[in-house]
4 protein chains.
Amino acid sequence: MLSVHAVQDPIKHQAILNASIEVFAESGFGGADVQVIADRADVGKGTVYRYFGNKKDLFLATADAGMRRLEASILEAIEDVDDPVDLIRLSAKAYASFFQRNPKFAEILILERAEFRGSIPDTHLVYRAKNRGILEEVIKRGVRDGLFRKVIVREATSAFANLLYGTVVTGCMEGESRRLESTVEYAIDIFLQGILRNQKGEAPR
Amino acid sequence: MLSVHAVQDPIKHQAILNASIEVFAESGFGGADVQVIADRADVGKGTVYRYFGNKKDLFLATADAGMRRLEASILEAIEDVDDPVDLIRLSAKAYASFFQRNPKFAEILILERAEFRGSIPDTHLVYRAKNRGILEEVIKRGVRDGLFRKVIVREATSAFANLLYGTVVTGCMEGESRRLESTVEYAIDIFLQGILRNQKGEAPR
Amino acid sequence: MLSVHAVQDPIKHQAILNASIEVFAESGFGGADVQVIADRADVGKGTVYRYFGNKKDLFLATADAGMRRLEASILEAIEDVDDPVDLIRLSAKAYASFFQRNPKFAEILILERAEFRGSIPDTHLVYRAKNRGILEEVIKRGVRDGLFRKVIVREATSAFANLLYGTVVTGCMEGESRRLESTVEYAIDIFLQGILRNQKGEAPR
Amino acid sequence: MLSVHAVQDPIKHQAILNASIEVFAESGFGGADVQVIADRADVGKGTVYRYFGNKKDLFLATADAGMRRLEASILEAIEDVDDPVDLIRLSAKAYASFFQRNPKFAEILILERAEFRGSIPDTHLVYRAKNRGILEEVIKRGVRDGLFRKVIVREATSAFANLLYGTVVTGCMEGESRRLESTVEYAIDIFLQGILRNQKGEAPR
DNA sequence: CATGAATGAGCCTTCATTCAT
DNA sequence: TATGAATGAAGGCTCATTCAT
């Protein structure tokens with residue numbers, strides 16, 4: 001668990017996390033001032049430190065919270081879905097939709113990568129590893145069923161994840177996040193055409 | 001031009017840039033100490049400011065230099081190449097190869113995105129826009145020649161760029177940059193299968 | 001009385017004082033954390049403030065308690081003793097023995113001198129003044145009886161007190177408190193030889 | 001050497017040390033504000049850190065400087081002196097005179113003992129060890145010459161040092177330092193009478 | 001031009017103290 | 001009465017930037 005500091009008041013805990021997302025996303029890690037976070041969360045600066053220990057752990061907890069929400073969003077979107085193509089398409093769509101609705105989290109995502117590259121159990125990587133397993137199963141099944149080509153599952157999974165990640169990181173700049181969902185959809189169409197055994201039609205969409 | 005400051009000594013100018021790449025890549029933007037950069041470049045701290053104005057501009061110039069080298073690498077790789085598929089494949093390979101050989105630049109790339117998201121004419125975006133034009137021409141020609149499906153050129157280009165970008169950013173962590181080239185190759189195979197009119201074979205590679 | 005705050009529970013009061021000795025002796029006044037004292041005393045932080053008002057007063061009360069114990073130790077040791085030489089020797093021995101058994105108090109002693117030099121009715125000085133009177137009487141008597149030289153009583157008393165104080169403060173470092181008693185004994189032998197009218201023997205001890 | 005930080009300007013170096021003596025003596029270690037020291041030295045706060053690294057090292061350097069001056073004072077006073085009794089008397093007098101003229105240093109002395117008890121190569125102890133050797137030689141010679149009793153040299157030296165230390169620490173409070181010299185003189189008379197083979201007269205002074 | 005000593009704004013973090021429960 | 005969560009003033013330290021030499 002990231003938060004070894006006991007949580008006394010879940011309301012305050014959440015208020016601080018919400019303020020953190022805002023401030024870190026706006027100012028970056030180095031540029032963020034813990035005092036500003038405290039002010040926006042309407043708590044004393046000491047309280048921020050009581051709950052999260054230090055600036056770095058606060059940031060990591062913020063990223064962690066974002067990843068949890070993302071994961072929940074995706075899992076909810078693919079609940080009861082069984083078809084591999086639908087699974088891929090819907091999870092990608094949920095991924096894009098999440099960051100389109102929460103562009104601040106895309107900033108957190110990139111900041112974590114930039115500030116703590118590998119030096120620390122990268123929250124995003126932890127979640128990626130976990131969800132990657134699910135995706136690999138889906139692709140493996142698609143290949144087994146003759147739906148997909150005999151792709152190298154691990155490589156195809158990486159391509160999928162990197163495509164989504166690159167699109168979000170690139171697309172969430174300058175408030176361009178509005179088109180994120182459709183950009184991802186088109187990219188995933190190409191990806192699917194790339195691994196499907198029988199091409200479905202002329203051109204995507 | 002980014003460096004409005006007159007360059008007196010190209011040797012020193014380059015030494016500072018080289019030191020910058022190292023230090024920024026190692027420590028991030030906020031964590032980098034201009035004194036350390038000056039020391040590694042074997043010049044006085046004042047000289048760094050003489051040549052680059054301030055820390056931010058130094059960073060931007062560093063990123064700019066990286067982009068120039070990347071661009072040169074790619075252009076060299078596709079010189080005299082005419083076939084759209086080859087053009088796509090070889091430019092992707094050159095892109096991956098560059099970051100595999102210069103993983104520090106991948107850090108610079110991500111730092112620029114993280115620290116200066118949109119607030120500043122993003123060097124990377126400038127180059128991307130420029131090279132995107134070239135790529136769009138290639139895809140447009142592939143479509144016209146019946147080699148590719150009737151994809152939406154702009155979307156396909158984005159997918160290609162985001163796929164490369166995501167792979168590099170993700171792949172250059174933890175010293176995993178070794179496999180970067182092959183990961184990109186596989187991903188581009190899927191991408192190509194995704195836009196080719198006639199699938200070339202069973203599975204990529 | 002130092003503690004104007006009414007004492008509700010003598011057990012807690014004492015527990016806090018005991019914890020204070022430990023923590024102040026270990027960490028100094030500035031370095032001590034009231035929370036740590038509360039934890040060691042097994043009471044809430046608020047209770048510490050209830051009983052002692054503030055950190056400074058807590059420290060002063062701690063020093064006060066030490067002085068009381070020291071005084072009791074010495075008075076007990078010289079009870080029923082009448083000979084001036086024995087009185088001097090035994091009180092010095094009791095002084096040394098007390099700090100050898102309670103080296104933490106030597107730290108408190110030095111901290112009080114260091115942190116509150118004169119700004120505050122120095123507990124140690126209060127006790128010193130009181131006990132100094134007793135000692136002056138003893139020396140005055142020794143002089144009157146022809147046992148001691150015609151020393152200036154006030155100066156001799158000061159020399160005695162400063163000798164003891166200096167030895168304890170110097171000797172309680174580095175866990176060297178073990179030899180404290182014998183060091184004081186030897187020093188007092190020299191002191192006694194210095195004020196005795198007729199030297200008793202060749203060399204002390 | 002304590003000061004690993006290169007000294008660029010001896011004037012500033014000294015100005016900071018002078019300000020340090022004042023501020024530490026007035027406010028204690030924890031109570032001292034480096035900004036105040038910088039202000040009194042008429043330099044920027046950063047300059048203080050440039051020259052002394054951190055607050056603790058600044059304090060230690062301050063104590064070190066005091067010890068050097070004390071040592072120089074004493075050595076100057078006993079230059080060309082040969083008689084053991086004179087050596088003892090004059091060095092004690094110089095010791096007292098130094099602290100009477102520089103009562104702030106007495107505060108530094110006690111602060112060092114209080115804050116850094118043994119945790120750090122105590123500057124005072126280092127000097128004491130060095131000068132103790134000289135004193136031991138003097139007493140040894142006095143004993144050999146039949147001038148002093150057959151005292152245990154080490155114990156007598158400790159008694160002497162502790163007597164001086166205790167007197168200074170006790171006597172420099174509340175601006176009582178005026179009487180320091182005479183108090184020490186009287187105490188040393190008793191000490192000398194205590195170790196002399198043949199008592200010189202009735203009573204000291 | 002080049003330098004690096006000097007500066008001080010800025011920010012993280014601690015902890016004495018308070019007060020609602 | 002006892003508690004300990006909350007607070008924010010205070011201060012150590014860093015480092016981008018400047019400017020006298």
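The values are calculated or read from the model by the stated rules, or taken from the named source; none is laboratory data. These figures come from a predicted structure and were not determined experimentally. Neighbour counts are summed over all protein chains in view; Cβ atoms, including those assigned to glycine, are modelled from backbone coordinates with ideal geometry. Surface areas here come from the heavy atoms of the whole protein model, side chains and all, with no ligands, DNA or RNA. Shrake-Rupley method; radii C 1.70, N 1.55, O 1.52, S 1.80 Å.
Using a 1.4 Å probe on protein heavy atoms only, how many Å² of accessible area do B and A hide from each other, summed over both chains and rounded to 100? Could you put the intermediate results ahead of the total?
Details: alone 10950 and 10920 Å², together 17840 Å².
Counting both chains, the buried surface is close to 4000 Å².
Using helices alone, what [θ] at 222 nm do you get for chain B, with -39,500 (n - 2.57) per DSSP H run of 4 or more residues, divided over all residues and rounded to the nearest 500? Can you show the working numbers first?
Numbers: 9 runs with 149 residues, N = 205.
Calculated at 222 nm, the ellipticity per residue is -24500 deg cm²/dmol.
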_Length-normalised contact order for chain C - Cα pairs under 8 Å, 6+ apart - percent_ = 20 percent
*Can you list the lysines whose alpha carbon sits under 21 Å from that of D:Lys150, skipping same-chain ones fewer than 8 residues off?*
C:Lys200, D:Lys140, D:Lys200
_Charge sum, other residues only, whose C-beta stays under 11 Å from D:Thr157's C-beta, Lys/Arg counted +1 and Asp/Glu -1_ = +1
*Can you pull the percent of chain A's accessible area that's carbon plus sulfur, 1.4 Å probe, other chains left in place?*
51 percent
*DSSP-assigned coil residues among GluC sites (Glu not before Pro) in segment D:70-120, each with at most 15 further Cβ atoms within 10 Å*: D:Glu79
*Which residue of chain C is nearest the rotation axis onto chain B, counting by its Cβ, and what is the distance in whole Å?*
C:Gly31, 15
*asked:* Which positions within segment D:136-164 get 30 Å² or more of their accessible surface covered by the other protein chains, compared to the chain by itself, with a 1.4 angstrom probe?
replied: D:Arg149, D:Lys150, D:Ile152, D:Glu155, D:Ala159, D:Asn162, D:Leu163
*Using r as the Cβ-Cβ distance of D:Asp39 and C:Lys45, and R0 as 35 Å, what FRET efficiency do you calculate, to the nearest 0.05?*
0.50
*Near the amide H of B:Arg197, under 5 Å away, which other amide H atoms are found, from residues 5 or more places off or on another chain, if H is placed in the peptide plane?*
B:Phe148, B:Arg149
_Cross-link pairs beyond the 22 Å C-alpha cut-off, checked among A:Lys93/B:Lys93; C:Lys12/C:Lys130; C:Lys93/D:Lys93; D:Lys12/D:Lys104; B:Lys93/B:Lys130; D:Lys12/D:Lys55_ = A:Lys93/B:Lys93; C:Lys12/C:Lys130; C:Lys93/D:Lys93
*Any idea of the accessible area per residue across segment A:10-195, 1.4 Å probe, to the nearest Å²?*
40 Å²
*Please build a GNM for chain B, connecting alpha carbons under 10 Å apart, and tell me which residue among B:Ser97, B:Ser20, B:Ser73 fluctuates the most.*
B:Ser73
*Length gained when the stretch A:Gln8-A:Arg68 is fully extended (0.36 nm per residue, less Cα-Cα span)*: 19.5 nm
*Taking the label point as lying 7 angstrom from Cα along the Cα-to-Cβ axis, what are the distances from C:Gly46 to the corresponding position in the remaining copies, in ascending order and in nanometres?*
1.4, 4.6, 6.1
